[in-house]
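The values are calculated or read from the model by the stated rules, or taken from the named source; none is laboratory data. Just so you know, these numbers come straight off a predicted model, no measurement behind them. Cβ placement follows ideal geometry from the backbone for every residue including glycine, while neighbour counts extend to all protein chains displayed. Keep in mind that these areas ignore ligands, DNA and RNA; they rest on the heavy atoms of the full protein, side chains included. Shrake-Rupley method; radii C 1.70, N 1.55, O 1.52, S 1.80 Å.
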Amino acid sequence: MSEKLQKVLARTGLGSRRELETWIADGRISVNGKVATLGDRVEPEDTIRVDGRIIPVKAEEDVIRRVIVYHKPAGEVCSRNDPQGRPTVFDNLPRLQGLRWVQVGRLDINTTGLMLFTTDGELAHRLMHPSNGFVREYAVRVRGELTDEKRRAMLDGVLLEDGVSRFDSIVDAGGAEEAANHWHKVSLTGGKYREVRRLFQSQDLEVARLIRIRFGDLSLPSDLRMGRWKELTADEIKPLTDRVDLKGKKYTGLYGRARLRHQRGDKPPRKPRRNPYRR
């Protein structure tokens, strides 16, 4: 049973599926000595190399799955290495041996709040995929008057440069009536670039401050200071993996029972005899 190359590599924590697809397109990955191409599938006995280095792959049930919540400050970029030398969200994360942190989505440099990181690239891919419908909630301080007409427009849908976007909800979160700035809580299931800011900008409203406060059922802990992280327990991770159907059934899949037989040199088990008395 073969699996997509980027899916197998994502389990190693090298990156998300999207990142690994870019590596494949750039010719950095080979399978059995041949440069891989997008769409390639691999078998248990295949040898995979990244930048010439053999990558030991793992069965889904063997993956070390860690997830942390990070409170991103303003001024940090969501990149491993920034050409301009700015601080990145990876600078304050715990160091790993033989694994890498994969970020679940991005926040722009001026946005603060909750970010998720995991050592399981496949989990990151599924958490980011729009089909799984994880709601993102933000606290937004807005300059300008949010009229009923503008509110309705952003709830019904606004045509942006990359398609129609809308908020699932907009809730008043406080502020003096006469003040230039007012707080709102907004939620949406999309994940487009600077989507919250662009939706308000479409109504001639300026976002003065933006904080992500929730991703799915995970909320930003009130005691988690900016620049700090908190690791989730197994009980806290399970709802995430269950939601995206990532359960890691033992002895199944590409690197499951077939892999174990290959390593031990066992013969495949015999098929059970058919009961002649059973119709």
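3J(HN,Hα) couplings calculated from phi for region 192-201 with the Karplus curve 6.51 cos²θ - 1.76 cosθ + 1.60 (θ = phi - 60°) are, in sequence order, 6, 4, 6, 5, 5, 4, 5, 5, 5, 4 Hz; Gly and Pro show x. The distance separating the Cα centre of region 113-183 from that of region 208-236 comes to 16 Å. Per residue, the accessible area of region 153-246 comes to 57 Å², computed with a 1.4 Å probe over protein heavy atoms only. First select every other residue whose beta carbon is under 12 angstrom from the beta carbon of residue 21; then total the charges, Lys and Arg +1, Asp and Glu -1. Net of charged neighbours comes to +2. Between the listed residues 129, 99, 117, the Cα displaced farthest toward the positive end of the dipole of region 39-159, a dipole computed from Cβ unit charges relative to the Cα centre, is found at 117. Take the solvent-accessible surface of the protein heavy atoms, probe 1.4 Å, and return the percent of it on region 1-131 that carbon and sulfur atoms account for. That share works out to 47 percent.
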